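Data block below; observations after.
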Amino acid sequence: DDKLLEKYRDQIDFFDNEIVNLIHERFEIVKLVWQYKKKNNIKPLDEWRWKKVLEKVTNHADDLWLNPMLIYNIWELMHEAALDLEKEI
């Protein structure tokens with residue numbers, strides 16, 4: 001049924017937009033963190049914190065029966081983008 005397929009695709013489109021919006025909101029907070037760190041002479045990368053973030057999101061993915069490596073890779077890409085953003089602030 002084409003209407004059912006269209007309904008599913010509409011739902012995917014909705015969630016794609018939500019994901020992009022959430023990433024945007026996350027990066028707005030990342031900017032605030034970078035500004036705070038810069039103002040208070042805190043080093044940009046907290047290795048322990050980053051390790052804990054990766055552990056948390058990959059464990060959550062596993063709990064949801066998602067491929068943890070997929071989530072790991074997405075977070076690594078976001079982290080690289082955040083580090084690039086830090087250079088601009």
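Quick look at the numbers
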{"item": "Degrees separating the helix 2-39 axis from the principal Cα axis of the chain, which is the longest one", "result": "10 degrees"}
{"item": "Cleavage-rule hits, chymotrypsin sites (Phe, Trp or Tyr not before Pro), the chain, DSSP coil, Cβ neighbours within 10 Å at most 10", "result": "Trp65"}
{"item": "Value of relative contact order over the chain, rounded to a whole percent, pairs C-alpha under 8 Å and six or more apart", "result": "28 percent"}
{"item": "Farthest positive-ward along the chain dipole, Cα basis, beta-carbon charges - from Asn67, Leu54, Tyr8", "result": "Leu54"}
{"item": "Charged-residue dipole, Cβ positions (Lys, Arg, Asp, Glu), the chain about Cα centre, Debye nearest 20", "result": "720 debye"}
{"item": "Answer label, with Cα Rg over 2.2 N^0.38 Å calculated from the coordinates and candidates [x] 1.11; [y] 1.39; [z] 0.97", "result": "[y]"}
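Since every read-out is calculated from the coordinates, none of them should be taken as a lab result. Predicted model, so just to flag it, every value in this text is computed and none were measured. Ideal geometry is used to build each Cβ from the backbone, glycine not excepted, and the neighbour counts take in all protein chains shown.
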